[in-house]
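Enquirer: Let me give you the structure first, and then I'll get to my questions.
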Number of protein chains: 2
Amino acid sequence: MSQSPHAHAPERPLANGQTRIDFQTAPSRYRHWKLAVDGDVATLVMDVDERGGLFEGYDLKLNSYDLGVDIELADALERLRFEHPQVRVAVLRSGKPRVFCAGSNIRMLAGASHAHKVNFCKFTNETRNGIEDLSENSGVATICAINGAAAGGGYELALAADHIMLVDDGSSTVALPELPLLAVLPGTGGHTRVADKRKVRRDHADVFCTTEEGIKGKRAVEWRLVDEVVPGSKFDQTVAARAKEFAAKSRRDAQGPGITLGPLTRGFTASGVDYSLVSVAFDRASRIATIALRGPEAPPPASIDALMALGAEFWPLELARELDDAILNIRLNEFDVAAIVFKSAGDPAEVVAYEHFLDANKDHWLVHEIRNYWKRVLKRVDLTSRSLVTLIEPGSCFAGTLAELPFASDRSYMFLGAREGDNKPPATLILTDANFGPYPMSNGLTRLASRFLADPADLAAAQAEREKTIDAARAQELGLVTFTPDDIDWDDEVRVFLEERTSFSPDSLTGLEANLRFAGPETMESKIFARLSAWQNWIFQRPNAIGEEGALKRYGTGQKPVFDTRRV
Amino acid sequence: MSQSPHAHAPERPLANGQTRIDFQTAPSRYRHWKLAVDGDVATLVMDVDERGGLFEGYDLKLNSYDLGVDIELADALERLRFEHPQVRVAVLRSGKPRVFCAGSNIRMLAGASHAHKVNFCKFTNETRNGIEDLSENSGVATICAINGAAAGGGYELALAADHIMLVDDGSSTVALPELPLLAVLPGTGGHTRVADKRKVRRDHADVFCTTEEGIKGKRAVEWRLVDEVVPGSKFDQTVAARAKEFAAKSRRDAQGPGITLGPLTRGFTASGVDYSLVSVAFDRASRIATIALRGPEAPPPASIDALMALGAEFWPLELARELDDAILNIRLNEFDVAAIVFKSAGDPAEVVAYEHFLDANKDHWLVHEIRNYWKRVLKRVDLTSRSLVTLIEPGSCFAGTLAELPFASDRSYMFLGAREGDNKPPATLILTDANFGPYPMSNGLTRLASRFLADPADLAAAQAEREKTIDAARAQELGLVTFTPDDIDWDDEVRVFLEERTSFSPDSLTGLEANLRFAGPETMESKIFARLSAWQNWIFQRPNAIGEEGALKRYGTGQKPVFDTRRV
């Protein structure tokens, strides 16, 4: 189907002449956050630089944020995991007097494209989920110390913490003013966490979410919106005491030093991105991005000491960081990419050797963090609103962790037999323990368990094949791949599929994939992405929000919005 | 906030000079379905009258349907429950050769308002859920016998059945062609039932849902899309045999005769609707509908024989039918109503007497069906996209089943103390066993269990108050109501709340309520309404579907749609 000449309205210009949003940063370059570590307590101070907006055209007043601010927060969380293994509690607070955080910047939202808004919210959601993952799976508890107004995304940030403290100064409130003020929904899990994490009674939640000025003091505690209110004179000492209490309860028992997450080796060209282990190639005419992953070139390290010496250059960690960056770059900078094609090249036996090394050392803090990192990267893949396809070709190395990519894909094609004139080894899959536990999806199940929901015997049959080399015919029998064309059909079949796929409406594909990828149980996380995000996307698109007379357009103009009053 | 003069584009004109959509019908008036009962087997034949569309401007070709067709199906299901208690299996089939059902009518969809489309889909979803409820809770198994193409909503109708049979004639297929053909999603639970009920493997589901021509024959069985394929020559006899098998397994053991669901006593005026036991008053300037329910005027019948003699005039059944009709009338004919206010008048002790009668006879088929009917009506209330508020005033009778209404509401206000110059008895709530089991919400929990998710002790405390008269102060202590203003504050507090509520954006209220009403576990049903519906609403609103160059507008014109290719 043809493309509209009007389809590509330019995105809002980035500030400082940037041409793409960069997800790589480091504490020394932060403009909005300060990360301080003191023994087992880390403090993350949000002190947003008003003039440091990612795009032109707005100031980040009152600790409001845009994607650039959140990229720093996400980076800081990774530093806590990898660089500061001795940290057992993280305190989130504001560096500004009398304001905690005003949430995401309204002028930024009003001027951003719908695609940016939706993907911005997705990233901030992943970061909030990452805060909860940090506590649940790395043992770093989080305390949010609210010293002033925490509104909208500001309160949603607090909701991600284990413990919320609010100063009792007669004016500081928590609030979700999105509905009364802006005619949209909180974009970062607010309603879901209020209902399902904090378990606020639904009529209290209704009052809270429709009260622009928010709730303060004792009522905030009684309604379960915060865990405690503390007089201003005792606030700092009480926060410090809570930090010590939570640190004492943590089960994180790693000792320093950590490893350094150095800058990625990365080069952007007109047609792609080249990392050490990952290559991204854009076929812009066809709207396809191919992500190729390279297997290890050396055997795994011989010891934990050798692992620590490798640090961020350890193959599984380097690959995960590069894949994460590649996915985020496509999500936020390449809206026109319709489909992502995963390929790999390498020796599957070497990949399996790394899985064995990780399994043998799974109780070491760094190995634990690397597995957890892969879990989050694979979830990022699951949640990426592009059609995902894995091509398992001769010479590929989809084994263990890498074999999760075909299971994360909407479809997979596996090459049956040999390619004429090609001496690469035939396409194989190898399953390991990595495919049966450490990488749950948002629904709480592994990808194979989700795949074989209909019959647990299919899952057991796959499990029985662990460590075996599975060829295309056997993979088809086991239900591990979608189609297995041979040399005669391969090129045509893959081409026709991709041509057809890219001809479909992008919106309906987003909805289709959101509904088919996550069968089975729901979790708070899956509710946020599947339910809340869908409603929010809908509302963000409606004239009552973004029309000329809508609430977002009229915010701050002194004019009241005009609504189409029909309830749907 | 002001209302836009452009906000009220007229809805498409109804056919035959009708001024409202009527949800009341009866088999003798069906234009699209035939209901035949033979012993314990009922056959529901879909034979849509092309010229019988609900609105002007389209023909219902190829057994395609609109809301009018589905209203008859929903009515037929109620007849099976109440009028034919001996039926143990229902066979759904088509009266047309070589076509089962083409799904919802595209021309109808293309011309309908967004509000109609969304509420049409909601009703059809409730009807499909009703088919599953008929099997699960009334013991009437359903068999779908597909003798030709079952596309889109046609296949979704089949998905609601317990057993899907497809004729194996080389051409008959099942299909969900919405995405490739129309750039929207299936609107009646298709993706959710494919993923979660049929548990189709996700890559198979991906292929199926993007293949316009559908899947037929053996592959349809292998991919779990249908339960069996049967040669055309043996189709009728095999369907009959399956019907006998399913009937034999049914646990429905009622014997006829049933009761007759006669026409409702109902009068429409410019400002409301008057039923026997329910009054609806529209305050159109304020965009508020008040639904007042009347308690029983006589004690419950003395025996089952007396109950059977009353039939549809038995107070709980008559009230449920009238409330259901009142809600549906607001949903589809009164889009401008922002809030529904529930009130009641009567003797709470009489209501409790009816609950005792129902409890004492709960094993009788009719009592069982009446409780089930209330369950569905209360779910209909939960799922109504209008703000819901219950006013518990002096002289009201919110006891037992009626006490579910405040718990189904977004907020409740209970009058504290007496009203000056009013000799009505003070406002009370009475809980009975009806509030602790028979009326689960879509999430599988009772309304009180959902309300008290944070602390099961609160639920236990409420349970300990069963059969007691609870005044406003005690109701507030128990957490059963939101606010308890006294005579001085009542009028102002209620007025201010309603004024504020109706000033908010209708879309954001829809999203808010969808997210706050259903805390706790998810079910297939809650997934359909919360997740699938949200995505679908979003997609239905996007230019890629409804824009001038969008797929719905261009369908059937010979011109291809033009898409904004950005993935969001």
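The values are calculated or read from the model by the stated rules, or taken from the named source; none is laboratory data. Keep in mind that this is a model prediction, so the values were computed, not measured. When we count neighbours, we look across all protein chains shown, and the Cβ atoms used for this are built from the backbone with ideal geometry, even at glycine. Ligands, DNA and RNA are excluded from the accessible area calculation, which covers all protein heavy atoms including side chains. Shrake-Rupley method; radii C 1.70, N 1.55, O 1.52, S 1.80 Å.
Enquirer: I'm told B:A289 meets every condition in (1) at pLDDT below 95; (2) within 25 Å of B:A399 (Cα to Cα) except one. Can you identify the failing condition by its number?
Expert: Going through (1) at pLDDT below 95; (2) within 25 Å of B:A399 (Cα to Cα) one by one, B:A289 breaks only (1).
Enquirer: Shifting gears a bit: What helices (runs of 4 or more DSSP H), lying completely within the range A:336-412, carry at least 1 residues that are crowded, with 24+ Cβ neighbours inside 10 Å and in contact with a strand residue (DSSP E or B) (Cβ under 8 Å, 6 or more places away or on another chain)?
Expert: Passing ranges, in order: A:348-360, A:404-408.
Enquirer: Further, regarding this structure: Just the residues that are within 12 Å of chain B (Cβ to nearest Cβ) and either open to solvent by 50 Å² or more (accessible area, probe 1.4 Å) or among the charged types (D, E, K, R) (or both), please, taken from the range A:453-477.
Expert: A:D455, A:P456, A:D458, A:Q476
Enquirer: Out of everything in the range B:384-422 that is of a type in the set (F, W, Y) and either free of Cβ contacts under 8 Å to residues at least 12 places away in the same chain or away from every other protein chain (no Cβ under 14 Å) (or both), what residue ends up being farthest from B:L445 (Cα to Cα)?
Expert: Among residues in the range B:384-422 that are of a type in the set (F, W, Y) and either free of Cβ contacts under 8 Å to residues at least 12 places away in the same chain or away from every other protein chain (no Cβ under 14 Å) (or both), the one farthest from B:L445 (Cα to Cα) is B:F415.
Enquirer: I've got another one for you. Of the residues that sit in the range B:191-205 and are without any contact (Cβ under 8 Å) to a residue 12 or more places away in the chain and touching an Asp or Glu at 6+ places or on another chain (Cβ under 8 Å), which one is nearest to B:A530 (Cα to Cα)?
Expert: B:R202
Enquirer: If you don't mind, there's one more thing I want to ask. Could you count how many residues in the range B:524-543 are within 7 Å of chain A (Cβ to nearest Cβ) and either open to solvent by 40 Å² or more (accessible area, probe 1.4 Å) or more than 29 Å from the chain's Cα centre (by Cα) (or both)?
Expert: Selection size over the range B:524-543: 0.
Enquirer: Considering only residues that are assigned to a loop (DSSP other than H, G, I, E, B) and either of a type in the set (F, W, Y) or closer than 15 Å to B:L478 by Cβ (or both), look in the range B:413-431 and name the one that is most open to solvent (accessible area, probe 1.4 Å).
Expert: B:T428
Enquirer: As an exercise: evaluate B:L480 against (1) touching a Ser or Thr at 6+ places or on another chain (Cβ under 7 Å); (2) open to solvent by less than 20 Å² (accessible area, probe 1.4 Å); (3) closer than 30 Å to A:G189 by Cα and give the number of the one condition it does not meet.
Expert: (1)
Enquirer: Mind counting the residues in the range A:505-523 that are open to solvent by 20 Å² or more (accessible area, probe 1.4 Å) and either at pLDDT below 85 or more than 18 Å from the chain's Cα centre (by Cα) (or both)?
Expert: 1
Enquirer: Can I ask one more? May I ask you to list the residues in the range A:86-108 that are open to solvent by less than 10 Å² (accessible area, probe 1.4 Å) and of a type in the set (A, V, I, L, M, F, W, C)?
Expert: A:V87, A:V89, A:A90, A:V91, A:L92, A:F100, A:C101, A:M108
Enquirer: Still on this structure: Which of (1) open to solvent by 30 Å² or more (accessible area, probe 1.4 Å); (2) part of a strand (DSSP E or B); (3) of a type outside the set (F, W, Y) is the odd one out, the single condition A:D305 does not satisfy?
Expert: For A:D305, the failing item is (2).
Enquirer: Something else: If we only count strands (runs of 3 or more DSSP E) wholly inside the range B:39-102, which ones have 3 or more residues that are within 22 Å of B:A26 (Cβ to Cβ) and either out of contact with any helix residue (DSSP H, G or I) (no Cβ under 7 Å at 6 or more places or on another chain) or modelled with pLDDT of 95 or more (or both)?
Expert: Those strands (runs of 3 or more DSSP E) span B:41-46, B:89-94.
Enquirer: Would you confirm, using the coordinates I've provided, whether B:L431 is closer than 26 Å to B:E350 by Cα and within 14 Å of another protein chain (Cβ to nearest Cβ)?
Expert: The answer is no for B:L431.
Enquirer: While we're looking at this one, here's another question. Tell me, which residue of the range A:278-295 that is over 21 Å from the mean Cα position of the chain (by Cα), touching a residue at least 24 places away in the same chain (Cβ under 8 Å) and open to solvent by 10 Å² or more (accessible area, probe 1.4 Å) is farthest from A:E78 (Cα to Cα)?
Expert: For the range A:278-295, the residue satisfying everything is A:S286.
Enquirer: Within the set of pairs 6+ apart or on separate chains, which have a first residue in the range B:504-531 that is farther than 24 Å from A:R542 by Cα, a second that is small (G, A, S), and C-beta atoms under 7 Å apart?
Expert: Here the result reads B:A519/A:A195; B:A519/B:S450; B:G520/B:S450; B:P521/B:G444; B:T523/B:S442; B:T523/B:G444; B:E525/B:S442, each pair linking the range B:504-531 to a residue that is small (G, A, S).
Enquirer: Which residues, counting only those in the range A:110-122, are assigned to a helix (DSSP H, G or I), within 14 Å of chain B (Cβ to nearest Cβ) and surrounded by 20 or more Cβ atoms within 10 Å (Cβ to Cβ)?
Expert: Across the range A:110-122, the qualifying residues are A:H116, A:K117, A:V118, A:N119, A:F120, A:C121, A:K122.
Enquirer: If you don't mind, another one. Given the criterion within 27 Å of A:K234 (Cβ to Cβ), open to solvent by less than 10 Å² (accessible area, probe 1.4 Å) and small (G, A, S), identify the matching residue among A:A175, A:A205.
Expert: A:A175
Enquirer: Residues that are facing chain B (nearest Cβ under 7 Å) and closer than 27 Å to B:T510 by Cα, at least 2 per element: which helices (runs of 4 or more DSSP H) completely within the range A:172-250 meet that?
Expert: Those helices (runs of 4 or more DSSP H) span A:202-209.
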